[in-house]
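Read the structure below first, then the notes.
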Amino acid sequence: MTRGKVRGDRARAVGMALPATFWLVVFFLLPLVFVAFSSFMSRGPGGQPVSPATLAQYERTFTVFGPVLWRSVGVALLATLISLVLGYPLAFFISRRRSPTTRMFLLFLVMLPFWTNFLVRTYALITIMQRDGLLNGLFQSLGVISAPLQMLFTPAAVMVGLVYGYLPFMILPIYASVEALDRRYVEAANDLGANDWTAFWRVIFPLTLPGVIAGSILVFIPAIGAYVTPDLMGGTRGLMIGNLIQGQFGGRGNVPLGSAISMVLLALVFISVLVYTRWGQREE
Amino acid sequence: MRRTIVACLAAAVVSAAAAQTDWTCPDGFAGQTLSVYNWATYVADDTISNFEAACGVRVIYDTYGSDEDMVVRLRQGNPGYDIVVPTNANVPTMIREGLLEKIDHGKLANLGNLDATFMNLPFDPGNEYTIPYQWGTVGIGYNVDKVGEIASWADMFAYDGPVAWLQDTTAMLGMGLLMVGKDPNSESAADIDAAAQFLIDNGRNVIYIAQDDGQEILARGEADIVVEYSGDIFQVMDECDCDTYAYVIPEEGTNFWVDSLAIPKGAPNKALAEAFIDYILWPQVGADISNYTAFGTPNLAALDEGLIDEELADDPAIYPSDETKARLFFAQQSEGREPLLNDAWDMVKIFVGR
């Protein structure tokens, strides 16, 4: 291969990377730099960032907003755990169907909700859970309850919304890793005297761990920054950090404070991605 | 949305009467164009066409759904509007950013028709830039079947069932200040913190802080009481066509809002815009608009001459008694107060409802 050809390839490669690079710099990097910068500034009239530089926004993030921040971490972890407990057996079940058509059809059903806008699906959940909604109507007609339950605007409603919204992100990576699992390992385990339970925990689960970790990250990250679900279904009792960030931007908020909370949230997400790259891909 | 057709029927009846407006257009505008940018459903059916006929002009009429949309559009450079209708909360910012033209009061022969209560308010002292258009209150919308009759904020706080509040920092903390016996426009950090603490301590049954959808929470039965803008609750009452819902201006007093006519910087036809404002100030024209929107009119002459539909004029939820009217307060924003309110409201959002 000649130098000219190599240079031509490189030029073409650079050319192909340019649009995406431009996109990322303008729409990702620049806003991020602005947020990082303004998180160290003071609040000016109307909530805009002004000098002098200060750490006050971070201090406020960890003191006043700390409880909501940690609660959001807890909510996101619990949503991840519930998604895992629900998603793993389902992914396992789907991947063990013999007919590829059945597997494709079941996977198609898992992905079907994505065809509809998330906001619309959240409103659908609201109509199910609201005071004069479907569930309360059902329970009342069955005589289980005499007065409608307050289901909407509770932390449980947020949990239902988050798990509902992000469960497919858990199922798909787990499905992929169970699918790729070589059944002969399981047979070997059984031959060596392991019962199904032992074979699962000592062979199957460790081998599908990358899928579990990938799914967990994919659920945890959107869950911790969730805004729509807690806003529409959580009310005052299901408040999450995303709602407080939203309140700081826009009219008469506090952009530097909103930026500081966003940076802390970003750090939390970054840490979970580190966890993923450290343990999630170890087997590969 | 705040601006909604509440009295469609009334509007239909009135539009027949409104055909004869005695307002006369100053000479020399024939053939010109006026461009108006207003909230949706915020003029009577024939307000615009009557003006076109009176002046022999053409009116381009655009609408917006939120004040922020309008402000953002003007910030990018006035695309050619002569009239906009900002809410009081945004006026100081618009003035500071140089988005508005001063209005020549000499061109407004009908200025004297306005109620002094709505003139010279802190958002625009001397009404240099804005002329009041419609007004309303932040009050209590409630489900009569569940709550019974209520008359005050104290009644709301005494109720145990689910309640929703409004995401309006100045109105809500102003109410909190009233409840702890302070000036609703206090600039003292201690007062504002006490108000926030009062709201937290007495808001254990608050399930939701509505952005601007409290009326839907009420209509869906999720909350029995909601703090909302008057117009939003009128909308629910109207759509339901039942006696389930009511709106009350709390007797302790509450925040009121004013939407105003203003001329954006760079308006192509400022003289015609001033003629338009004077036309709106004509009692019959102002009355037609308020009969259609069911908001309060600042046009005292229209009220005095009995041009407002009786059913609206006698409704204490729109035009409160003099006693309650005297307790209405106008929320003031100042640079010192703003961050205090902001921080206090964050605390309310974090701790209320638990």
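The values are calculated or read from the model by the stated rules, or taken from the named source; none is laboratory data. Note that the structure is a prediction, hence the values are computed from the model and not measured. In this analysis, Cβ positions are derived from the backbone assuming ideal geometry, glycine residues included, and neighbour counts consider all displayed protein chains. The protein model used for the area step is the full one, side chains on, heavy atoms only, and it has no ligands, DNA or RNA in it. Shrake-Rupley method; radii C 1.70, N 1.55, O 1.52, S 1.80 Å.
Looking for something assigned to a helix (DSSP H, G or I) and within 14 Å of chain B (Cβ to nearest Cβ) - is there at least one such residue anywhere in region A:200-221? Within region A:200-221, not a single residue is assigned to a helix (DSSP H, G or I) and within 14 Å of chain B (Cβ to nearest Cβ). Comparison of A:VAL178, A:VAL163 shows that the only residue that is in a helix (DSSP H, G or I), closer than 30 Å to B:ALA223 by Cα, of a type in the set (A, V, I, L, M, F, W, C) and modelled with pLDDT of 90 or more is A:VAL163.
Of the residues B:GLY253, B:GLY221, B:GLY214, which is in contact with a Leu (Cβ under 7 Å, 6 or more places away or on another chain) and within 14 Å of another protein chain (Cβ to nearest Cβ)?
Values: B:GLY253 fails: within 14 Å of another protein chain (Cβ to nearest Cβ); B:GLY221 fails: in contact with a Leu (Cβ under 7 Å, 6 or more places away or on another chain).
Selected residue: B:GLY214, the only one of B:GLY253, B:GLY221, B:GLY214 that is in contact with a Leu (Cβ under 7 Å, 6 or more places away or on another chain) and within 14 Å of another protein chain (Cβ to nearest Cβ).
Is it the case that some residue within region A:101-113 is under 30 Å from B:ALA219 (Cα atoms), more than 14 Å from chain B (Cβ to nearest Cβ) and of a type outside the set (D, E, K, R)? Yes: one or more hits. Residues in region B:318-354 that are touching a Lys or Arg at 6+ places or on another chain (Cβ under 8 Å) and surrounded by fewer than 16 Cβ atoms within 10 Å (Cβ to Cβ): B:ARG354 alone.
The C-beta contact set for region A:168-182 (first residue touching a residue at least 60 places away in the same chain (Cβ under 8 Å), second residue outside any helix (DSSP H, G or I) and of a type outside the set (A, V, I, L, M), distance under 9 angstrom, 6+ apart or interchain) comprises A:VAL178/A:ARG96. Exactly one condition in (1) more than 14 Å from every other protein chain (Cβ to nearest Cβ); (2) surrounded by 19 or more Cβ atoms within 10 Å (Cβ to Cβ); (3) closer than 25 Å to A:LEU152 by Cβ; (4) hydroxyl-bearing (Ser, Thr, Tyr) is false for B:THR169; which is it? The failed condition is (1).
When B:ASP155, B:ASP82, B:ASP104, B:ASP168 are screened for being of a type in the set (D, E, K, R), under 26 Å from B:ALA219 (Cβ atoms) and at pLDDT 95 or above, only B:ASP155 passes. Contact annotation: residue pairs with Cβ atoms under 8 Å, 6 or more positions apart or on different chains, pairing a residue in region A:59-84 that is under 20 Å from A:MET41 (Cα atoms) and within 13 Å of chain B (Cβ to nearest Cβ) with a partner that is of a type in the set (Val, Ile, Thr) and surrounded by 21 or more Cβ atoms within 10 Å (Cβ to Cβ), are A:THR61/A:ILE261; A:PHE65/A:ILE241; A:PHE65/A:ILE261.
Residues in region B:309-324 that are outside any loop (DSSP other than H, G, I, E, B) and closer than 13 Å to B:GLY139 by Cβ: B:THR324 alone. For beta carbons closer than 7 Å, sequence separation of 6+ or different chains, a first residue in region B:335-346 that is within 7 Å of another protein chain (Cβ to nearest Cβ) and a second that is open to solvent by 20 Å² or more (accessible area, probe 1.4 Å) and β-branched (Val, Ile, Thr), the qualifying pairs are B:ASN342/B:THR169; B:ASP346/A:VAL64. Looking for something on the phi < 0 side of the Ramachandran plot and exposed (fewer than 14 other Cβ atoms within 10 Å of the Cβ) - is there at least one such residue anywhere in region A:156-168? Within region A:156-168 (the criterion being on the phi < 0 side of the Ramachandran plot and exposed (fewer than 14 other Cβ atoms within 10 Å of the Cβ)), the answer is no, since none of the residues qualifies.
Could you tell me whether A:PRO19 is without any contact (Cβ under 8 Å) to a residue 40 or more places away in the chain, in a helix (DSSP H, G or I) and either within 12 Å of chain B (Cβ to nearest Cβ) or not small (Gly, Ala, Ser) (or both)?
Details: without any contact (Cβ under 8 Å) to a residue 40 or more places away in the chain: yes; in a helix (DSSP H, G or I): yes; either within 12 Å of chain B (Cβ to nearest Cβ) or not small (Gly, Ala, Ser) (or both): yes.
Spelling it out, A:PRO19 is indeed without any contact (Cβ under 8 Å) to a residue 40 or more places away in the chain, in a helix (DSSP H, G or I) and either within 12 Å of chain B (Cβ to nearest Cβ) or not small (Gly, Ala, Ser) (or both).
Restricting attention to region A:235-253, the residues being closer than 18 Å to B:ARG337 by Cα, within 8 Å of another protein chain (Cβ to nearest Cβ) and open to solvent by less than 10 Å² (accessible area, probe 1.4 Å) number 1. Find all pairs meeting these conditions: Cβ atoms under 7 angstrom apart; at least six residues apart or on different chains; first residue within region A:124-151 and closer than 20 Å to A:THR229 by Cα and in contact (Cβ under 8 Å) with a residue 12 or more places away in the chain; second residue part of a helix (DSSP H, G or I) and open to solvent by 40 Å² or more (accessible area, probe 1.4 Å). Short answer, once both residue conditions are applied: A:LEU125/A:VAL160; A:LEU125/A:TYR164; A:MET129/A:LEU135; A:GLY133/A:THR127; A:LEU135/A:ILE128; A:MET151/A:LEU135. Can you tell which of B:VAL206, B:VAL285 is of a type outside the set (Gly, Ala, Ser), open to solvent by less than 10 Å² (accessible area, probe 1.4 Å) and either more than 30 Å from B:HIS105 (Cα to Cα) or within 14 Å of another protein chain (Cβ to nearest Cβ) (or both)? That would be B:VAL206, the only listed residue that is of a type outside the set (Gly, Ala, Ser), open to solvent by less than 10 Å² (accessible area, probe 1.4 Å) and either more than 30 Å from B:HIS105 (Cα to Cα) or within 14 Å of another protein chain (Cβ to nearest Cβ) (or both).
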